[in-house]
Amino acid sequence: MKAVRRITAKKRIALVAHDNKKADLVDWAVFNKVVLASHELIATGTTGKLLEEKLGQPVKKILSGPLGGDQQLGAMIAEGKVDVLIFFWDPMEAQPHDSDVKALLRLGVAWNILLACDRATADFILTSPLMMQDYETQLPDYSNYLNRKVTR
């Protein structure tokens, strides 16, 4: 039997944006303000402050991405404390913390959470009928990875 994680109708949505994408994320969030008001929002650094000001809604603010916020979010994903990750990242500009970004995206996929890296995908996620109801997501079984012998 596969393990499942129950996601409630009130989702925990993490919002992250690189510097060149912050305005896009804020614009998207303002456009979706009514829907986002039904959910708990989590954001890194400056993004969290901007969102709280523009949305008039509390946002749980964690560290800035390069200062550990990406890793904080990764831990929250692994602990089952994030249901949706909206990460507007800049594909045209290398980031000094690219390894952190890659690790965060990997964890989102590894733990089977909803993950959007662009506005179109974020729109589809937010407008899905499943967004406003409880949902059970299947958790991957990584036991085979834990039992493998490592050879050098």
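Nothing in this text is a laboratory measurement; each read-out follows from the coordinates by a stated rule. Only a predicted model underlies this, so the values are computations on that prediction, with no experimental measurement involved. Cβ: placed from backbone, ideal geometry, glycine included. Neighbour counts: every protein chain shown.
Restrict the search to segment 23-127; then list the GluC sites (Glu not before Pro) that DSSP places in a loop and that have at most 13 other Cβ atoms within 10 Å of their Cβ.
GLU79, GLU93
To the nearest 20 Debye, how big is the dipole of segment 36-134 about its Cα centre, given +1 on the beta carbon of each Lys and Arg and -1 on that of each Asp and Glu?
140 debye
For helix 98-110, report the angle its Cα long axis makes with the longest principal axis of the Cα atoms of the chain; keep it between 0 and 90° and round to the nearest 10°.
Tilt relative to the chain: about 70 degrees.
At 7 Å along Cα-to-Cβ for each site, give me the label-to-label distance between ALA37 and SER99 in nm.
Taking the simple label geometry, ALA37 and SER99 are separated by 4.4 nm.
What percentages, rounded to whole numbers, describe P(r) for segment 10-147 computed over all alpha carbon pairs with 10 Å bin width beginning at zero?
12, 46, 33, 8, 1
Could you put ARG12, ARG6, ARG119 in order, starting from the residue whose Cβ has the fewest other Cβ atoms within 10 Å?
Arranged by neighbour count, lowest to highest, ARG12, ARG6, ARG119 become ARG6, ARG119, ARG12.
Restricting to DSSP H runs of at least four residues, report the calculated mean residue ellipticity at 222 nm for the chain, -39500 (n - 2.57) per run over all residues, nearest 500 deg cm²/dmol.
-11500 deg cm²/dmol
Just to be sure I understand the model, the point goes 7 Å from the Cα along the line to the Cβ. What's the resulting LEU146 to LYS49 distance in nm?
4.1 nm
May I ask you to derive the FRET efficiency for LYS10 and GLN138 from their Cβ-Cβ distance with R0 = 25 Å, giving the value to the nearest 0.05?
0.75
How do LEU50, LEU15, LEU146, LEU63 rank when sorted from fewest to most other Cβ atoms within 10 Å of their own Cβ?
With the fewest neighbours first, LEU50, LEU15, LEU146, LEU63 line up as LEU146, LEU63, LEU50, LEU15.
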